[in-house]
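The values are calculated or read from the model by the stated rules, or taken from the named source; none is laboratory data. If you're wondering where the values come from, they're calculated on a predicted model, not measured in any experiment. Every residue, glycine as well, gets a Cβ built from its backbone with ideal geometry; the counts of neighbours run over all protein chains shown. Heads up: the accessible areas ignore ligands, DNA and RNA and are worked out on the full protein's heavy atoms, side chains in. Shrake-Rupley method; radii C 1.70, N 1.55, O 1.52, S 1.80 Å.
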Amino acid sequence: MPDLSINFAGIKSPNPFWLASAPPTNSGYQVMKAFDAGWGGAVWKTLGVPVVNVSSRYGSVDYRDKRMMGFNNIELISDRPLADNLREIEEVKKRFPHHAVIASLMVQSRQEWHDIVRDAENAGSDGIELNFGCPHGMCERGMGSAVGQEPEVLQTIVEWVMEVARIPVIVKLTPNISDITEPAMAARRGGANAISLINTIQSIVGVDLDLFAPYPIVDGKGSNGGYCGPAVKPIALNMVKNCAQHPDVRLPISGIGGIETWRDAVEHILLGASSVQVCTAAMHYGFGIIREMTSGLEQYMSEKGFRTIDDMVGRALPNVKHWEDLNLKYKVTAHINPDKCIGCQLCYTACEDGAHQAIKLNAGTRIPEIIDENCVGCNLCSLVCPVEQCITMERRDDGTQHQTWKERTAADDIPVTFNDERAGGLHHWVPEPAAALGKEKHKTLPGKARQYQEVVVTE
Amino acid sequence: MAEYATPTTEQEFAENFAQLKPLMSNSEALLESSRCLFCFDAPCIKACPSGIDIPLFIRQINSGNATGAARTIYEANYFGNACGKVCPTEVLCEGSCVYTATGAKPIEIGRLQSHATRQVIDQGKHLFQPGAPTGFRVAVIGAGPAGISCACELRKLGHEVEVFEAKSKPSGLTLYGVAPYKITNEETLAEMAYLEAQFGFRVHYNHAISTRPDLEKLEQAYDVIFLGIGLGHTSSLGLPGEDRENCVGAVEFIEQLRIRQEQTTVGRKVIVLGGGNTAMDAASESARLGAEKVVLAYRRGKEEMGAYEFEYDLAKGVGVQGLFNVAPLEIVGNGKVEGVKFVRTATLNGQVQTVPGSEFVEACDMVIKATGQAKQTSFLSLIPELQVDGKGRIVFNPNTGQTTNPRYFASGDAANGGAEVVNAAAEAKAAAHGIHQYLTKSHLSS
């Protein structure tokens, strides 16, 4: 039985799943309910200065019938009295001494930071997370992402915090910056114990076509918000990886961004996260989704033989390379399993119009055929195919050769003109431009299903 | 059996004849339309006789453009709403959906189609208008799927159209011949009113064209005459006792049912003769009207029935019993029907042969003959030069609808011998283009 418990920069919790600092951690009621349901930790909704919220706060990106693929908010930090929050933290910790309660904090002056850090510690928090990420409302007041985007300011504030902090300090980073490792390194220089990322991404999730206003709409107007949810996972994974691989960051990472299933969590962990934080999924499906996450993680660890979370942290990092280190001799081409093909021909039209014209249609069958010599192995057909394992990418090289762009550059073996024999696209066949015209006219083209041809009548 | 109690109120009738393809809510339409793969060269389009761009209209529904979806549908087929409900989608568009190959349910194309068309009909949202007047006049005989479709397309092309209909309401068999659980009268007529309001053709109801002088008047007043006359009454079987009370034709029975609804009377024990889709409908309908026992008698085996499998399943589902390999010899009774005398049959080398000595009488108090509709050959013989084939079908050019009399065009059941609403709608549209060519060409050459 794998051990799901973690010790993240000194913060212990029974499993790596924490609720991120957000509406689900707004009150002791919610946090207790979450712990009761099986969550390992919770980062309390940010404590700080008094705020006033607007009504209408969230917006969604739906994909077809799927709700909240992406999600944004213009809500601020906790608008509840600090004393209430502190009292409830204390109550939760008494009831759940082995679960992680981390206080997220956001204030301005050095004195305010000192006071609130002490308050959080006195309430029994296991750790502190500094909210340097919020991209709306707070940054205008010199807090949130206004700090996260200025590494020097960030470092200074971390130093203030570390002057008094006796519990682990996590710095939460904003993704609204060119190079995420800059604030990460600043956090390290300031003495932080860990980082967490990503906070939300500045966004407009949609525009109301009748009111001409962005969502969420507040009395006919809107503002940019902070974007999160399943859609942001790829951005989060890349940033987690960047911090995990950077030699000068070397801090434990709490991965945040698009985690909804055990699979998402494992991806964050394999790229270097040693705890994960979840918000949108809990806002969408409630705390009950933790059941799927812990059971999936446990199953995966058992099957892979991982005993602890630490066994898996960063396991994919050695395989994340720069492009110039990839093997140019590796070659795959697509293969269609005719027994599985249902004849939708999406692979054909995707390759034909969106890639390399390497799939053809034959008379008398709806099963397309790969033109091996044109196939560059881009994966597109296998990605659009709606049938599991129908289109597979098969290896064509014999696996004996390995050569990278970096090696070729070092050996002075790179093409310098387009006519150079070694240039990539030189020998790649493309059809004549005019061959496109009318090519699919004999097919039932969408939009012009049937046309009445010139008909001949008797006069 | 008696799965159904005899309906006595409008409400009970509606329950017994509940719609097989009820209107989809917006939520259901979003879920269902999200499943569509948007196939290339989509098999569903090819399977649709009217060639509706199905993946397009489904995507339009999915992206919140139901009006655009309705336009896509109506541009291909003026009976778009009716076809969504009455088409045998199981063997056409939905039957060809690639999902069936995965074992998954095909997309509910018919219901999605009606979801879109019902919105524009209910909101009275007009999508079309008549074309610039050409000065040509076309008479359309018959306000069924062929006649109305032809009229719409001709109006779109700018020709003046007058429709002559023997009955008091439009849409032909869509109203008078389709099973009530496929589409309601209100829904059928709403689509007709919707089309008429947009295209502005005139329909003369209760105005039969049946004599040579009737035709002569049309020939004088109009440039072209379109025959959308459909088929005639149920063919006679030529059996002794066929004239007994309660021995009726299926077409006539269904027409009564559609008009009189719960006031239609049905026998306690009904024998339906025939193995086609109309026989299945008549049998199902008898059961839903509360008949205690309904027997479907067919002279060949179950597998040889002309009806679609799903139609037979539907009949079986309401308790209809099959009686196969029997041929009726006589309708027995004394004034009223009391039974049918059958002889058993065997099929040898494709030929149905009776088995001597196997006669028996199956008791019943009603017989419904669903053994095909007669062709209107005597009426057609009034039209000079108009040829009909050996099966009584109008000889016509399927690309143009033109008959052997150049001023007469035809489509629908009268020309194809009897098919679906969608076939008539598609053929009549092609015929309208044939008429258009004829009118504009002959005008130029004169």
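What does the convex hull of the Cα atoms come to per residue for the stretch A:29-117, in Å³? It would help to have the intermediate numbers written out before the result.
Values: hull volume 11.7 nm³, N = 89.
Looking at the stretch A:29-117, the number lands at 132 Å³ per residue.
Report the Cα centroid-to-centroid distance between the stretch A:94-124 and the stretch B:329-395 in angstrom, as an integer.
92
In whole Å, largest first, what are the principal axis extents of the Cα atoms in the stretch B:20-123?
Largest first, the stretch B:20-123 extends 38, 27, 27 Å along its Cα principal axes.
Once you have the alpha carbon radius of gyration of the stretch B:253-310, what is it after dividing by 2.2 N^0.38 Å, with N set to its residue count? Spell out each step's value before the answer.
Working: Rg = 11.7 Å, N = 58, 2.2 N^0.38 = 10.3 Å.
Dividing the Cα Rg of the stretch B:253-310 by 2.2 N^0.38 Å gives 1.14.
Over chain A, what relative contact order in percent results from Cα pairs under 8 Å that are six or more residues apart? Don't skip to the end; give the middle numbers.
Values: 906 pairs, mean separation 57.7, N = 459.
Normalised by residue count, the contact order of chain A is 13 percent.
What is the ratio of the Cα radius of gyration of the stretch A:85-138 to 2.2 N^0.38 Å, with N the residue count, to two decimals? Intermediate values should be presented prior to the final figure.
Details: Rg = 12.1 Å, N = 54, 2.2 N^0.38 = 10.0 Å.
The value comes to 1.20.
I'd like the distance separating the alpha-carbon centroids of the stretch A:153-209 and the stretch B:5-69, in whole Å.
51
Residues of the stretch A:255-287 with the amide nitrogen closer than 20 Å to a label point 7 Å from the Cα of A:Ser302, along Cα-to-Cβ, please.
Zone members listed by number: A:261-267.
Projected onto the charge dipole of the protein assembly as shown (+1 at Lys/Arg Cβ, -1 at Asp/Glu Cβ, origin at the Cα centre), which of B:Gly64, B:Met305, A:Val158 gives the Cα projection farthest towards the positive end?
B:Met305
Excluding B:Ala221 itself, what net charge comes from residues whose Cβ is under 14 Å from its Cβ, given Lys and Arg +1 and Asp and Glu -1?
On the way: positive: B:Arg137, B:Arg202, B:Lys217, B:Arg407; negative: B:Glu160, B:Glu162, B:Asp214, B:Glu216, B:Glu219, B:Asp223.
Computed value for this residue: -2.
Looking at chain A, which Cys residues are left with no other cysteine's beta carbon under 4.7 Å from theirs?
Cysteines of chain A left without a disulfide-compatible partner: A:Cys134, A:Cys139, A:Cys228, A:Cys243, A:Cys279, A:Cys341, A:Cys351, A:Cys375, A:Cys378, A:Cys385, A:Cys390.
Debye sum, Cα scatterers, the stretch B:247-369, no solvent: what log₁₀ I/I(0) at q = 0.12, 0.17, 0.18 1/Å?
With no solvent term, the Cα-only Debye profile gives -0.41, -0.82, -0.91.
Only helices at least 27 Å long along their own axis, judged from Cα atoms, and with Kyte-Doolittle mean hydropathy of -0.5 or greater: name those in chain B from DSSP H.
On the way: long enough: B:421-445 (36 Å, 0.05).
Going by DSSP H runs, the hits are B:421-445.
Check each of the trypsin sites (Lys or Arg not before Pro) in the stretch A:128-231 and keep only those in coil by DSSP with at most 16 other C-beta atoms within 10 angstrom; list them in order.
Numbers: sites: A:Arg141, A:Arg166, A:Lys172, A:Arg188, A:Arg189, A:Lys221; in loops: A:Arg166.
Answer by residue number: A:Arg166.
Search the structure for amide H atoms under 5 Å from the amide H of B:Val140, placed 1.01 Å from N in the peptide plane, and list their residues when 5 or more places away or on another chain.
B:Glu162, B:Val163, B:Phe164, B:Phe226
Could you compute the net charge surrounding B:Thr403? Neighbours are other residues with a C-beta less than 12 Å from the C-beta of B:Thr403; K and R count +1, D and E count -1. Walk me through the numbers on the way to the answer.
Details: positive: B:Arg393, B:Arg407; negative: B:Glu385, B:Asp389.
After counting each charged neighbour, the total is 0.
Roughly what % antiparallel, to the nearest 5, for the DSSP beta bridges in the protein assembly as shown? Walk me through the intermediate numbers first.
Working: 45 of 107 bridges.
The answer is about 40 percent antiparallel.
Can you give the FRET efficiency for B:Ser210 and A:Asp210, using 1/(1 + (r/R0)^6), R0 = 56 Å, r = Cβ-Cβ distance, to the nearest 0.05? Don't skip to the answer; put the middle values down first.
Details: r = 55 Å, r/R0 = 0.99.
Plugging the Cβ-Cβ distance into 1/(1 + (r/R0)^6) gives 0.50.
Rg over Rh of chain B, using C-alpha atoms and the Kirkwood radius, what does it come to?
Rounded to two decimals, Rg over Rh is 0.98.
Total Å² of accessible surface buried at the A-B contact, 1.4 Å probe, nearest 100? Write out the running numbers ahead of the final one.
Details: alone 24080 and 18870 Å², together 40060 Å².
Protein heavy atoms only, the A-B interface buries about 2900 Å².
Once ligands and nucleic acids are excluded and a 1.4 Å probe is used, how much of B:Thr404 is accessible, expressed in Å² to the nearest 10?
50
Pairs of alpha-carbon atoms within less than 8 angstrom and 6+ residues apart define the contacts here; what relative contact order does the stretch B:247-369 have, in percent? Could you put the intermediate results ahead of the total?
Working: 264 pairs, mean separation 35.6, N = 123.
Once normalised by length, the contact order is 29 percent.
Looking at the calculated P(r) for the stretch B:139-291, what percent of the C-alpha pair distances fall above 23 Å?
On the way: 5292 of 11628 pairs.
Tail fraction, whole percent: 46.
Once the cut-off is 32 Å, how many percent of the Cα-Cα pairs in the stretch A:6-315 end up in the long-distance tail? Display every interim value, and only then the final one.
Numbers: 9467 of 47895 pairs.
Summing the P(r) tail past 32 Å for the stretch A:6-315 gives 20 percent.
Across peptide A:62-69, how many C-beta atoms of other chains are within 10 Å of each residue C-beta, on average?
Working: counts 1, 1, 9, 10, 1, 0, 0, 0.
The per-residue average across the peptide is 3.
Hull surface divided by four, with the convex hull built on the Cα atoms of the stretch B:1-53: how many nm²? Working shown, then result.
Values: hull surface 27.2 nm².
Taking a quarter of the hull surface, the average projection is 6.8 nm².
Based on alpha-carbon positions alone, could you give the equivalent ellipsoid semi-axes of the protein assembly as shown from the gyration tensor, as √(5λ), descending, whole Å?
70, 33, 28
Over the stretch A:82-130, what is the relative contact order in percent, taking alpha-carbon pairs closer than 8 angstrom and at least six residues apart? Intermediate results must be reported in sequence, preceding the final value.
Numbers: 46 pairs, mean separation 23.5, N = 49.
Over the stretch A:82-130, the number comes to 48 percent.
Just checking the output field for A:336-344: average partner chain Cβ neighbours within 10 Å of each residue's Cβ? Don't skip to the answer; put the middle values down first.
Details: counts 0, 0, 0, 0, 2, 2, 11, 8, 12.
What the average comes to for A:336-344 is 4.
Once you have the alpha carbon radius of gyration of the stretch A:268-356, what is it after dividing by 2.2 N^0.38 Å, with N set to its residue count?
Working: Rg = 19.8 Å, N = 89, 2.2 N^0.38 = 12.1 Å.
Dividing the Cα Rg of the stretch A:268-356 by 2.2 N^0.38 Å gives 1.64.
Magnitude of the Cβ-charge dipole of the stretch B:247-369, K/R +1 and D/E -1, about the Cα centre, nearest 20 debye?
Working: 14 positive and 16 negative charges, 40 e Å.
That gives a dipole near 200 debye.
When you look at the Cβ of every residue in B:101-114, what mean number of other chain Cβ atoms sits within 10 Å? Intermediate results must be reported in sequence, preceding the final value.
Details: counts 7, 7, 1, 2, 0, 0, 0, 0, 0, 0, 0, 0, 0, 0.
The mean count of partner-chain Cβ atoms within 10 Å per residue comes to 1.
Over all alpha-carbon pairs in the stretch A:323-436, figure out the percentage whose distance exceeds 21 Å.
Working: 3046 of 6441 pairs.
Roughly 47 percent, rounded to a whole number.
Compute the signed sum of charges (Lys and Arg +1, Asp and Glu -1) over the other residues within less than 14 Å, Cβ to Cβ, of A:Arg189. Could you put the intermediate results ahead of the total?
Numbers: positive: A:Arg188, A:Arg250; negative: A:Glu150, A:Glu152, A:Glu159, A:Glu182, A:Asp248.
It works out to a net charge of -3.
Counting Lys and Arg as +1 and Asp and Glu as -1, each charge on the Cβ, what is the dipole of the protein assembly as shown about the Cα centre in debye, to the nearest 20? Write out the running numbers ahead of the final one.
On the way: 84 positive and 105 negative charges, 92 e Å.
In debye, rounded to 20, the protein assembly as shown gives about 440.
Using only the alpha carbons of the stretch A:294-334, what is the convex hull's orientation-averaged projected area in square nanometres? Please list the in-between numbers first.
Numbers: hull surface 20.0 nm².
Answer in nm², one decimal: 5.0.
Would you work out which of B:Ala193, B:Thr264, B:Pro170 lies farthest towards the positive end of the dipole of the stretch B:155-314? Charges go on Cβ: Lys and Arg +1, Asp and Glu -1.
Highest projection toward the positive end goes to B:Thr264.
Using just the helices of the protein assembly as shown, give the 222 nm mean residue ellipticity in deg cm²/dmol: DSSP H runs with n ≥ 4 each add -39,500 (n - 2.57), and the total is spread over all residues, rounded to 500. Before the final figure, lay out the partial values.
Working: 32 runs with 305 residues, N = 905.
Roughly -9500 deg cm²/dmol at 222 nm, from the helical runs in the protein assembly as shown.
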